[in-house]
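Below is one structure, written out as structure tokens, with a few remarks after it.
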Amino acid sequence: MRIRTTLLTFSAIAALTVAAITAAEVHPVRRGKLILEDDFNGMKLDAAWKIAKGKWSVTGGRVQGVELADDKHNAVARRDLKFHDAVIETSFRLEKGAKMLAISLNGAGGHVCRVTIRPDAIIVQKDKMNAKATEPAAILAKKNMKFDTDQWYKLTMEVRGKSLTARINDGEPIGGEHAGVDLDKTNIGLPVGGDGAWFDYLRVWEVAR
């Protein structure tokens, strides 16, 4: 299956290649050391999480993020975590009225990459680093699929060098390659847009060498 990939136009000087990856070309990485495990079992988010925007609450071992209209920004919780390559896994559920949720990876200079879940699609992208960056975001892959609000889904995200892939449950992965993904990461974020989304757990493994 050929992954649907959108190539964005760059100037001749700043041009970078966005390469599609077919499902057959994706080789799952071996998980190494577990560097983050959060089952959200407390009464509130662990103090290591920094609430940037939105309302966040923990109930029954699950955390919910809800966008607040006054913020004029997605709800976001971030946690410092240093790594370069990793396997990231979570279980999520969208509320009715949710616009999106994501796993966002960031570096010293700003945003690096993310996997976004919308009610009707999953998107894998290299981010625009910050407001002053001249290089735009680049969608590496997108797959249209429906996410029911009464169902939990497992999301697995793998970042290794220039490669960024994602899969839902045990389905086929989608993804691509971009040099802008091959950066040191310093924190992980959980953006949520709209009327709320839930995360059941979050685990991050280094990639075994």
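So here's what we get for this one:
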read-out: Most mobile listed residue (Asp39, Asp170, Asp195) in the chain, GNM with C-alpha springs under 10 Å; value: Asp170
read-out: Integer Hz, Karplus 6.51/-1.76/1.60 couplings in order for segment 188-203, x for Gly and Pro; value: 10, x, 10, x, 9, x, x, 7, x, 8, 10, 10, 8, 6, 9, 10
read-out: Loop sites in segment 99-202: trypsin sites (Lys or Arg not before Pro), DSSP, at most 11 other Cβ within 10 Å; value: Lys132, Lys146
read-out: Over 28 Å between alpha carbons, listed pairs Lys50/Lys128; Lys99/Lys128; Lys44/Lys126; value: Lys44/Lys126
read-out: Taking segment 19-207 and dividing mean pair separation by its residue count, relative contact order in percent (alpha carbons under 8 Å, at least six apart); value: 35
read-out: Within a Gaussian network of the chain (alpha carbon springs, distance under 10 Å), most fluctuating of Leu68, Leu190, Leu105; value: Leu68
read-out: Cα-derived Rg to Rh of the chain, Kirkwood definition; value: 0.94
read-out: Highest-MSF residue in the chain out of Asn130, Asn187, Asn74 [GNM, Cα springs under 10 Å]; value: Asn130
read-out: Cβ-defined net charge surrounding Ile51, 12 Å radius [Lys, Arg +1; Asp, Glu -1]; value: +4
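Any read-out appearing in this document is the output of simple, stated calculations on the displayed coordinates, not a laboratory observation. Just so you know, these numbers come straight off a predicted model, no measurement behind them. Reconstructed Cβ throughout: ideal geometry from the backbone, glycine too, with neighbour counts over all protein chains shown.
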